[in-house]
Amino acid sequence: MSDWERSSTVRVVPPAHPRRLAKVPFVELADGRLQGVVSSGSDIERVYVSSVSAGSFTFACSTNNNRPCGGARGYFCNHIRALIGEAVLQYGAERVTRYLRVDLADHGEPSVLSLHAAMSAARPAQGDRSAAAPVFSRFLRHLAYLELAPTTAPLPEMQWFPPTRAVA
Amino acid sequence: MRTDLLADGIDGLDEALAAVDAFDQVLTGGLLRPQPAQAAGLTGLAAAVAGTPLAARVAEAAEKAAAGTAGDDHFVALAAARTALLGSVHDALTARAEEATGRPGGEWTAPEPGGQQPVNVLAAARSWLSDLARCGWRGIDHDVVSGAAQVVSAMLPDPALRRQAALLDGFAAELAASCPGAALERVPARRWADLWSRAMLLTLPGAAAAPPAGEATGRLLPLGVDLQEHATAVQAQVHAVFEPADGATALLVRASVSAPKPDTVVGAGLWQLLRPHMSLLAAAGEGRSMDLVGMPLTAEGDLLWSDAHARQGEPADAFSTARVALPTATGPATAPLDRHPARIAVPVFLEGYTAQQDGERLTFTLAGQQLAVDTDRIPAAGPLTPEAVAASVACIGLLRWDAGSFGVQPLAVETTVRKRPVAVQAGAWAGGTADKAAAKAEKAATDAAAVLRERAGRLLRK
Ligand SMILES: [Zn+2]
């Protein structure tokens with residue numbers, strides 16, 4: 001076994017890189033998808049729930065009130081473009097590429113542009129709106145973390161989670 | 001410090017760790033359809049605790065697990081055996097660290113049991129962890145990993161379950177990012193088995209309780225701040241010397257503050273989240289002491305901080321504390337279940353070393369002995385940098401042990417600028433700062449938090 005395998009405190013997941021949240025308050029690589037929430041530019045009450053599946057790149061975009069996105073008709077809408085861009089900022093292009101299983105053979109180094117080009121070139125299908133509800137509820141769960149009270153009782157298990165200067 | 005002692009071998013250490021490693025391979029493969037090598041790993045674990053009160057239960061659990069028929073209680077017994085083995089490793093390493101620092105540890109006195117914890121959600125956690133053990137790290141997929149989400153959601157609002165929640169949440173996120181397990185190039189076998197075993201034991205009612213064992217009244221002299229974080233939790237721990245007002249022996253203590261957080265709150269945002277809840281962070285950052293009156297203190301040397309029991313004290317330079325007060329302070333005891341090498345974080349003061357940079361690796365050479373310096377643990381939102389550590393002449397750090405060797409995590413260093421010593425604290429920005437370099441990061445973090453709070457206010461209560 002290597003030192004890495006025998007270490008209690010190896011950093012398996014690098015911390016998220018800081019990014020502005022105004023346009024895309026939530027993005028994650030979870031449930032086999034790149035998914036997230038994009039704030040509407042015109043209506044402060046409205047958000048778009050967007051996702052792209054790993055492997056197939058099947059995509060979906062609709063509002064939190066389950067109305068279809070006008071821009072996602074057969075190809076990636078601006079919300080999905082924004083989602084890819086922010087995911088690359090938060091997680092790094094390599095991790096997004098790996099998670100979505102994108103083959104960049106003809107498209108160069110991992111980047112927002114190459115990811116977008118490679119996935120679009122695969123002519124992905126448009127999924128139904130069923131993904132939106134669970135993604136939106138994950139976003140609400142994410143926001144709810146802000147409402148949880150801090151504590152001064154020690155959490156000894158946090159010793160297993162040291163910070164790292166390496167960023168995604 | 002006698003660094004030479006840190007490099008010496010420890011009797012029985014390799015044998016104990018070999019049994020741990022063999023069991024960790026069992027968890028890597030999973031216990032759905034155990035192979036002969038896995039049966040051997042299980043038998044080895046049982047044999048390693050054969051002389052202890054756990055013997056009979058672990059032997060039975062190993063047999064059931066090798067047959068692929070282990071239930072939740074059997075997995076708990078296996079986790080207990082692994083924890084006991086690493087507990088003995090912890091004790092040997094701690095004894096060695098005490099010899100090297102010349103500082104004795106405290107005696108453990110069991111506190112009165114704490115309050116009740118809800119049993120149902122703990123049982124649900126146990127059942128998820130048992131599923132993980134059956135799948136093995138190589139067998140994890142999104143379906144099995146997502147089973148943690150409901151458990152964590154149920155635990156998070158209850159402060160009494162924060163320990164379990166923070167652990168399960170961080171562990172599950174890491175597993176989710178590593179799915180599918182079959183495609184992993186390599187498995188962090190020790191780490192995941194650690195997290196699994198701890199989580200398993202913390203599902204036992206009362207295992208996580210750390211009630212106050214007394215009260216602290218006297219002067220608190222901060223040494224430095226240690227930060228810990230995963231995607232959805234952060235904790236800052238201030239290490240300090242406590243001088244009781246009654247003139248009793250000074251104690252090494254910790255004060256902690258932690259909070260759950262969205263994963264996009266990082267860097268300076270972590271300090272912003274914690275800062276309002278512990279005035280000690282600012283005191284540690286600015287080099288001030290604090291006066292405590294009746295602050296609850298656990299048997300493990302953890303102050304259960306409340307600003308109501310503390311007021312601002314005189315200026316107290318951390319390096320003066322490290323030179324004068326630290327050598328005569330007594331170390332804390334460790335609770336039986338918390339005994340694990342990863343828990344070792346012994347405050348030390350080092351000077352008269354030669355710093356040597358070899359690529360990414362930094363070492364301090366002290367009396368001919370090399371000590372690895374973990375500069376990666378220095379929080380990004382602070383003025384201390386790996387370069388400053390490499391150029392330092394004195395260092396306050398935490399002595400730790402991982403992957404077979406001791407190393408030091410810098411909390412603060414002294415460098416020489418125009419022949420004068422200048423101190424730099426890793427946690428200098430914890431309580432806020434006027435530093436220009438920090439201002440931009442503080443602003444970005446404030447903006448990010450404001451967006452999330454605005455979105456929460458608008459969308460959460462619909
Ligand atoms: Zn859209």
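The values are calculated or read from the model by the stated rules, or taken from the named source; none is laboratory data. Values in this document were obtained by computation on a predicted structure and should not be read as measured data. Using ideal geometry, Cβ is built from the backbone for each residue, glycine included, and neighbour counts are taken over all protein chains shown. All accessible areas refer to the heavy atoms of the entire protein, side chains included, with ligands and DNA or RNA removed. Shrake-Rupley method; radii C 1.70, N 1.55, O 1.52, S 1.80 Å.
Values as computed for the structure displayed
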{"quantity": "Peptide-level mean, for B:149-158, of C-beta atoms on other protein chains within 10 Å", "calculated": "2"}
{"quantity": "Dimensionless Rg/Rh of chain A - Kirkwood Rh, Rg from C-alpha atoms", "calculated": "1.02"}
{"quantity": "Around B:R57: net Lys/Arg minus Asp/Glu count, Cβ-Cβ under 14 Å", "calculated": "-2"}
{"quantity": "Kirkwood Rh in Å, taken over region B:380-436 so that all alpha-carbon pairs contribute", "calculated": "12.4 Å"}
{"quantity": "Where A meets B: accessible area buried, both sides, 1.4 Å probe, Å²", "calculated": "6700 Å²"}
{"quantity": "Rounded to 10°, Cα long-axis angle of helix B:436-459 versus longest principal axis of chain B", "calculated": "50 degrees"}
{"quantity": "Computed FRET value (nearest 0.05) for A:M1 with B:T365, which takes r as the C-beta separation and R₀ as 25 Å", "calculated": "0.35"}
{"quantity": "Fraction of beta bridges assigned by DSSP in region A:17-138 that are antiparallel (%, nearest 5)", "calculated": "95 percent"}
{"quantity": "For B:189-196, mean number of other protein chain Cβ atoms within 10 Å", "calculated": "5"}
{"quantity": "Convex hull projection area averaged over all views, region B:308-462, Cα basis, nm²", "calculated": "15.0 nm²"}
{"quantity": "Cα-based Kirkwood hydrodynamic radius, region B:358-412, one decimal, Å", "calculated": "11.7 Å"}
{"quantity": "Tail weight of P(r) past 32 Å, computed on alpha-carbon pairs of chain B, percent", "calculated": "43 percent"}
{"quantity": "Rel. contact order, % - alpha carbon contacts under 8 angstrom, at least six apart, chain B", "calculated": "15 percent"}
{"quantity": "Fraction in percent of alpha-carbon pairs per bin - 10 Å, the protein assembly as shown", "calculated": "3, 16, 25, 26, 19, 9, 2, 0"}
{"quantity": "Computed Rg/Rh of region A:63-102, alpha carbon atoms with Kirkwood Rh", "calculated": "1.07"}
{"quantity": "Order of exposure, largest accessible area first, which applies to B:R361, A:R73 with probe 1.4 Å", "calculated": "A:R73, B:R361"}
{"quantity": "Pair B:V293, A:N65: separation of 7 Å Cα→Cβ label points (nm)", "calculated": "5.7 nm"}
{"quantity": "Peptide ranges B:144-153, B:365-374 listed from the most packed, as the mean C-beta count within 10 angstrom indicates", "calculated": "B:144-153, B:365-374"}
{"quantity": "Average partner coverage of B:379-388, which counts Cβ from other chains inside 10 Å", "calculated": "2"}
{"quantity": "Relative contact order [Cα under 8 Å, 6+ residues apart], chain A, whole percent", "calculated": "26 percent"}
{"quantity": "Calculated from backbone phi, Karplus (6.51, -1.76, 1.60) coupling profile of region B:297-310 in Hz, x at Gly/Pro", "calculated": "10, 8, 5, 8, x, 9, 6, 8, 5, 8, 4, 5, 9, 9"}
{"quantity": "Solvent-accessible area of B:T43 with every protein chain in place, 1.4 Å probe, in Å² to the nearest 10", "calculated": "90 Å²"}
{"quantity": "Relative pair counts by distance (%), Cα atoms of region B:131-223, 10 Å bins", "calculated": "14, 41, 24, 13, 7, 1"}
{"quantity": "Cα-centre dipole for region B:69-208 with unit charges at Cβ (Lys and Arg positive, Asp and Glu negative), debye to 20", "calculated": "220 debye"}
{"quantity": "C-alpha center-to-center spacing [region A:8-48, region B:418-458] in angstrom", "calculated": "22 Å"}
{"quantity": "Ratio of the Cα radius of gyration of region B:214-328 to 2.2 N^0.38 Å, where N counts its residues", "calculated": "1.06"}
{"quantity": "Stokes-Einstein D for region B:412-462, Kirkwood Rh over Cα pairs, 10 °C, 1.306 mPa s (µm²/s)", "calculated": "114 µm²/s"}
{"quantity": "Nearest-20 debye value, region B:214-328 charge dipole, Cβ charges on Lys, Arg, Asp, Glu", "calculated": "160 debye"}
{"quantity": "Mean projected area in nm² (Cα convex hull; one quarter of hull surface) for region A:1-71", "calculated": "7.4 nm²"}
{"quantity": "Cα convex hull of region A:69-127 - mean projected area over all directions, nm²", "calculated": "3.9 nm²"}
{"quantity": "Lys/Arg +1, Asp/Glu -1 at C-beta; chain A dipole; positive extreme among A:N65, A:A118, A:G92", "calculated": "A:N65"}
